[in-house]
């Protein structure tokens, strides 16, 4: 079993929909949680960075961490075709410096 | 603008040939990383360096080598010993701290193919 599980998709939604992307993990030492967006043939771009449990909002994006359930989510409101990309979750444990553990990524397609 | 520059964008390797991928950053980050990305497998760590003149093997270091002679630069050599080198290679950097985990920032990758 992988440390971080992420549904690979593809997830196809109509423009304007609310998108929910999720990751589950098994290592209770993970304390720092990130979401990256990766367009085709490009490097991952950091979208959200959160510490421990709770919510963080940035524009149309909301990151949610539930450490008791070992579950993190990224919500995208009013989704746009430009949001079509692969979304990667990543985590750092409190005893691993800056070493990231990645999920496999979810491919999102937002149709006009 | 501050960022990470990877070159070339596309690279072709012949049988038995070593090739070197360039990674330069001007973010003043101490730590740098190399990942390999294959379809459906996410990112796998090849090598990382927390400080100049020091580097550590990641999960899939066999067939690869690195150097870290300057803070700004972390080149990756794909040697002929790497039998399946076709992949998308990503370089990243981060602030190196012992405390709070810091996110990594990525370049735009080099796509390596076999001729």
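The values are calculated or read from the model by the stated rules, or taken from the named source; none is laboratory data. A quick note: this is a predicted structure, and the numbers were derived from the prediction, not measured. Heads up, the Cβs are rebuilt from the backbone with ideal geometry, glycines too, and the neighbour counts pull from every protein chain shown.
One table, with the values for the structure above:
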{"quantity": "Residue satisfying all of: in region B:48-57; within 12 Å of chain A (Cβ to nearest Cβ) and either under 11 Å from the mean Cα position of the chain (by Cα) or without any contact (Cβ under 8 Å) to a residue 12 or more places away in the chain (or both); farthest from residue B:34 (Cα to Cα) among these", "calculated": "B:56"}
{"quantity": "Output for region A:15-48, where each listed residue is under 30 Å from residue B:112 (Cα atoms) and at the interface with chain B (Cβ under 9 Å from one of its Cβ atoms)", "calculated": "A:34, A:36, A:38, A:41, A:42, A:43, A:44, A:45, A:46"}
{"quantity": "Number of the exception - residue A:105 against (1) surrounded by fewer than 18 Cβ atoms within 10 Å (Cβ to Cβ); (2) within 14 Å of chain B (Cβ to nearest Cβ)", "calculated": "(1)"}
{"quantity": "Test result for residue A:2, within 14 Å of chain B (Cβ to nearest Cβ) and over 15 Å from the mean Cα position of the chain (by Cα)", "calculated": "yes"}
{"quantity": "Residue A:88 surrounded by 18 or more Cβ atoms within 10 Å (Cβ to Cβ), in contact (Cβ under 8 Å) with a residue 60 or more places away in the chain and touching a strand residue (DSSP E or B) at 6+ places or on another chain (Cβ under 8 Å)", "calculated": "yes"}
{"quantity": "Qualifying positions in region B:65-103 - facing chain A (nearest Cβ under 7 Å) and either within 25 Å of residue B:17 (Cα to Cα) or at pLDDT 95 or above (or both)", "calculated": "B:90"}
{"quantity": "Criterion violated by residue A:100 - all others in (1) out of contact with any helix residue (DSSP H, G or I) (no Cβ under 9 Å at 6 or more places or on another chain); (2) surrounded by 13 or more Cβ atoms within 10 Å (Cβ to Cβ); (3) modelled with pLDDT of 95 or more satisfied", "calculated": "(3)"}
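Here is a yes/no grid of residues against (1) exposed (fewer than 12 other Cβ atoms within 10 Å of the Cβ); (2) farther than 25 Å from residue B:90 by Cα:
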{"residue": "A:9", "(1), (2)": "no, no"}
{"residue": "A:16", "(1), (2)": "yes, yes"}
{"residue": "A:30", "(1), (2)": "no, no"}
{"residue": "A:47", "(1), (2)": "no, no"}
{"residue": "A:56", "(1), (2)": "no, yes"}
{"residue": "A:62", "(1), (2)": "no, yes"}
{"residue": "A:69", "(1), (2)": "yes, yes"}
